[in-house]
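Written out below as structure tokens is the structure these notes cover.
The values are calculated or read from the model by the stated rules, or taken from the named source; none is laboratory data. Owing to the predicted nature of the structure, the values given are computational and were not obtained by experimental measurement. Because the Cβ atoms are built from the backbone with ideal geometry, glycine has one as well, and the counts that use them run over all protein chains shown.
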Amino acid sequence: MNGRHYAVGCADGEEARLRNLAAELDRRLSGLVEEVGQIGDARLLVMLGLLLLDEMEELRLEARGGGSDAEDRVSAIVENLADRVESLAARLEGT
């Protein structure tokens, strides 16, 4: 990930799943690096974690099927997170 290799353990039989998850994480991290540049592993992982948690929250709200109220909440969450990520990226570019 981000040009580094990490040794991670898993349960027997879960190796392929772990490799697939790591590949997806690396793909997303590479996309983030394209957007904000190499700003350090820790900062990139914080931003990536926020983006992934935002996706999870969207999926939870969709799964509940809350109708337009859920859509409004999702929109507000996405806007809020996007503003925070943009603010964080701007601050990191300034450092």
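Every residue in the stretch 76-95 that is surrounded by 12 or more Cβ atoms within 10 Å (Cβ to Cβ) and either among the small types (Gly, Ala, Ser) or at pLDDT 80 or above (or both), please. Once the filter is applied, which keeps residues that are surrounded by 12 or more Cβ atoms within 10 Å (Cβ to Cβ) and either among the small types (Gly, Ala, Ser) or at pLDDT 80 or above (or both), the stretch 76-95 yields Ala82, Ala89. When the stretch 14-42 is filtered for residues that are among the hydrophobic types (A, V, I, L, M, F, W, C) and free of Cβ contacts under 8 Å to residues at least 24 places away in the same chain, the ones remaining, listed by number, are Ala16, Leu18, Leu21, Ala22, Ala23, Leu32, Ala42.
Candidates in the stretch 1-44 are the residues that are of a type in the set (Asp, Glu) and closer than 26 Å to Arg84 by Cα; of these, the one that is modelled with the lowest pLDDT is Asp41.
For beta carbons closer than 6 Å, sequence separation of 6+ or different chains, a first residue in the stretch 1-12 that is more than 27 Å from Glu34 (Cβ to Cβ) and a second that is at pLDDT 90 or above, the qualifying pairs are Cys10/Leu18. Any idea which residue in the stretch 1-23 is nearest to Asp41 (Cα to Cα), counting only those that are touching a helix residue (DSSP H, G or I) at 6+ places or on another chain (Cβ under 8 Å) and surrounded by 12 or more Cβ atoms within 10 Å (Cβ to Cβ)? Ranking the candidates gives Asn2 first.
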